[in-house]
Each structure stands twice: as structure tokens, then as C-alpha cells.
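Remarks on the structure that follows.
Read the figures in this text as sums done on the coordinates, not as results from a lab. Please read all numbers here as calculations on a predicted model, not as lab measurements. Cβ placement follows ideal geometry from the backbone for every residue including glycine, while neighbour counts extend to all protein chains displayed.
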Amino acid sequence: MKEYDVVIIGGGIHGAGVLQAAAAAGHKALLIERQGLASGTSSRSSKLIHGGLRYLESGQFALVRESLRERAIHLRIAPELVALKPFYIPVYRDTRRRPWQLKLGLWMYALLGGFDGATRFGSVPKREWARLDGLKTEGLDAVIHYHDAQTNDALLTRAVVKSALGLGAELAMPARFSSATLREDGVTLTYTLAGSSVEVRARVLVNAAGPWATRVARAVEPAIAIPDVELVQGSHIAIPLRITAGIYYVESPTDGRAVFVMPWAGGSLIGTTETPYRGDPDLVQPSPSEEEYLLAVVRHYFPALSGLTRDDITERFAGLRVLPAATQAAFDRSRETLFTVDRDVRPRVLSIYGGKLTGWRAAAAHVMRRIGPSLPPAVKRAETDLLILRKPT
Ligand SMILES: Cc1cc2nc3c(=O)[nH]c(=O)nc-3n(C[C@H](O)[C@H](O)[C@H](O)COP(=O)(O)OP(=O)(O)OC[C@H]3O[C@@H](n4cnc5c(N)ncnc54)[C@H](O)[C@@H]3O)c2cc1C
């Protein structure tokens, strides 16, 4: 039976990150992915590597600081995959967040980002509003601008796995994890590959199965604790509105939630929604009412597109956020990643719930610190904040 230090379930950004971090630390690591890399949430995000300006409103300062640090690292190590973009927040007479509130928020954003060049912000002078892709100017008081970064989430995930494989890590794909049994010094686990059942041993099993993480955790014997989490659906639509100036961050005219309108594949991508989801994670897809909600945003802010209908949608996808179960709206809940272990001393199973695309490297570093005592000594091969990520071909 093959033996590994770390076996990871799930080839999304978190699984990719842990694979890379484990290999960089000199460990023997295997990633098991049942479909394709980034076939889950990690290809259905808003594709932003960002500090998360709106998390300031819910007081998540540590998350914003860490995310801004990760943004700076991405811009350095992945210039082929992550680019800084201008962001525009139009403020109309009836917009909830006023210019002074936004500027205060952006000042804090700059402070948490260490006032590096990417945190500069200001207002777009009125004489330049005409270059903003046909943005509605009626009732417009101000346009605040700042910067954040955009990526291709699926390509980023593949690039991280490629980097890990270059450090000696292994990938089993398509391969489906089926079950795991805890032993005193690790885990024996089974997965199916090309119709055959394969059994391997690991010192630590890392459950990075995203919205499927509770399913994976339930397949561990004897049973391990599973936190109370909920799935919240977020949908995006693509339309043929060619956007060149940057990314618009607007309030939904329906309920005031923040929605992004971003340049994407020669057109634009609009997202996202927040709808509680109780079904099978494999079957998630945008609902007609979510599509109408997003179209209403475009019609409201881009008058030339007031006739836009669902027939104009060129692409649609939905992903699932894993959030701690709570009573408040999904929008206001903590976006901190939740890590759980089967036992505090020398854990054998670590599960990752929730998190951000932006925070994958920091999450992986946290995982390695947490599982370090369970792993044999190893010779470090690399530092993940110095490994250059190349666009996969
Ligand atoms: C709508 C939306 C927008 C978002 N926008 C942003 C954003 O702009 N910026 C940002 O920083 N974050 C964003 N996020 C968060 C970010 O996308 C997620 O935190 C991240 O992609 C989660 O990655 P993951 O690896 O945990 O899960 P996933 O990407 O879902 O990966 C889990 C993987 O596990 C595999 N798997 C499941 N079961 C098994 C099994 N039995 N055997 C083998 N493999 C299995 C699946 O096939 C899948 O590939 C967004 C999230 C959503 C939902």
C-alpha cells in the first residue's frame, strides 16, 4: 500500500494550495480530484483577488488585511494570471453608501494594505464620466475609483497544481475519494480510479472538498465532528456589454446589495446573488429569478441596455459559498476560513470550510502549521510566496 505524508481531497484552489505547500515543505503529497481541477467553486467565483472592501462594513479587519497582503503577493508571483484593475463605484442621489463613507472605507483599505501603490483611490472628474462604458449619469453625484485585482480562477488553480507537481507532488484525477479509517498514527483511505478501488495510507488527510466537505467528513470512521455550515448559492451571468474602463461596483436597485459588473471574455460578467441552497451541490445552477435580478442591475446602470433580456445571456454559472450557519443575512456573515481537526494533538484529519480564492496561500500555510506536528521531519524545497505561478498552456 502506498504511503503519503499528506493526502488532499479536492482539486479546487484550497486543495491545490495545500498540495503546493506540502510539497514545498518537502512532504510526500497526493491530491485526489474526482472531475477536473477547479471543476467546483474555484471556476465559478467572481474571479477577484481582492481585499474585500465590503468586509470592512462587518468589521472583518483581519481578513481584509490578510487579503490585501495576499493580493500584493499574487501581483508579484503571478503577473501572467492576476492583474490590477481600476474599480468604479458610482454614487447617485439615492445610493445608500455616500461618497464620504466610501472614501473613509477606502482610506481604511489603504491603511490595512500598508499604503502600497495599489491602494490609491480618488474620484473620477465629471468631465471624464463619458469614458465609463455608457454608465448612467442621470442623478450621478460622484464616481469613486480605486484598485483591486482580477484573475481567471480556474487557470490560477491549475497553475498552483502545476507548481506543486513541479515540486514532486502527485495527482490522482479523475479519482473519487470514498472512505477513510482513522488509525492511531494516521489514516487509511480508499478512492476509485479508472473503475478500480485504490487504498493508500496518509499521516494526515486534508478535506478540501468545498461544498462537498461535509460529505467527505461523513465518510470518515470513526465519526469526526462536523461544524454547522450552510451553502449559499452565488450566480453570475455573462452578457455582450463590452466594458473597457474597469470593474463597476454598484448597488442592486432591488435590495441595495453590492454587485460587480466586470469585463470578461470580450463582454462582461455580472455577479453575484446570495440564495440559500439546500440541494445537491452537483446540481447548482442560476435560477431564472437570479438572472432577472442581475439583468435588472445592468438595465438600471447602463441605459443603452435597457432592453436586455435573459435571451441575451451568453454564459451563466453558479457556485456555492460555505458559510457558518447563522441567522443574519449571508451578505453579513464571516468570510473567515473555518479549519476543523479530528483531535487537537497531532491531528489526522483537517477539514477546510469556506474561505476565499484570494486567501488560498495563507490558508494552505495555516493548514501546514496545524498539521505540522503529525508529519515526519522533511527538508524544505521552497517558499510558496516566492514560487512564480505561470499561466498553464
Ligand atoms: C459566487 C461566488 C463568488 C466568489 N467570488 C470570490 C472572489 O471574487 N474572490 C475570492 O477571493 N473568493 C471568492 N469566492 C470564494 C472562492 O471561490 C471559494 O472560497 C473557493 O473557490 C473554494 O475553493 P475550494 O477549493 O474550497 O472548493 P472547490 O473549488 O469547490 O473545490 C472542491 C473540489 O472537491 C472535489 N471533490 C468533491 N468531492 C470529492 C470526492 N469525493 N473525491 C474527490 N474530489 C472531490 C470537487 O470536484 C471540487 O473540485 C466566491 C465564492 C462564490 C460561491
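Points worth noting:
- Model label points for Lys380 and Leu165, set 7 angstrom from Cα along the Cα-to-Cβ axis, are 2.7 nm apart.
- Cα-based shape type of the stretch 229-324, given that a ≥ b ≥ c are square roots of the gyration tensor eigenvalues and the cut on a/c is 1.5: prolate
- Taking every DSSP helix (H) stretch of at least 4 residues in the chain, weighting each as -39,500 (n - 2.57) and dividing the sum by the residue count yields a mean residue ellipticity at 222 nm of -7000 deg cm²/dmol.
- Taking label positions 7 Å along the Cα-Cβ direction at both Asp255 and Arg176, the computed distance is 3.4 nm, reported to one decimal.
- Highest mobility in the GNM of the chain, judged by mean-square fluctuation with C-alpha springs under 10 Å and restricted to Glu128, Glu292, Glu57, is found for Glu128.
- Working ranking of peptides 244-256, 207-219, 15-27 by packing, defined as the average number of other Cβ atoms within 10 Å per residue, highest first, is 15-27, 207-219, 244-256.
- For the chain, the square roots of the Cα gyration tensor eigenvalues, ordered a ≥ b ≥ c, give a/c of at least 1.5 with a/b greater than b/c, which places it in the prolate category.
- As a proxy for reagent exposure, ranking Trp129, Trp264 by other Cβ atoms within 10 Å from fewest up yields Trp129, Trp264.
- One Cα centroid belongs to the stretch 112-130, the other to the stretch 172-193; the line between them spans 50 Å.
- Prolate/oblate/rounded label for the stretch 130-215 (Cα gyration tensor, a/c 1.5): prolate
- With respect to the chain, whose longest principal axis is taken over its alpha-carbon atoms, helix 360-371 is tilted by about 30°.
- In this structure, Lys126 and Arg369 have a Cβ-Cβ separation that, at R0 = 51 Å, corresponds to a calculated FRET efficiency of about 0.50.
- Relative contact order computed over the stretch 148-268 (Cα-Cα under 8 Å; 6+ residues apart), in percent: 14 percent
- Ordering of 178-185, 141-148 by packing is 141-148, 178-185, highest average first (other Cβ atoms within 10 Å, averaged per residue).
- Within the listed set Ile270, Ile32, Ile73, the residue fluctuating most in the Gaussian network model of the chain (springs between alpha-carbon atoms under 10 angstrom) is Ile73.
- Seen against the Cα atoms of the chain and their longest principal axis, helix 61-77 is set at about 80 degrees.
- Rel. contact order, % - alpha carbon contacts under 8 angstrom, at least six apart, the stretch 229-324: 43 percent
- Least to most buried among Thr384, Thr190 (fewest other Cβ within 10 Å first): Thr190, Thr384
- Residue among Val187, Val124, Val64 with the largest mean-square fluctuation in a Gaussian network model of the chain, springs linking Cα atoms under 10 Å: Val124
- Computed extension gain for Thr192 through Arg65, at 0.36 nm per residue and net of the alpha carbon distance, reaches 41.7 nm.
- Of all DSSP bridge pairs formed entirely within the chain, close to 75 percent run antiparallel.
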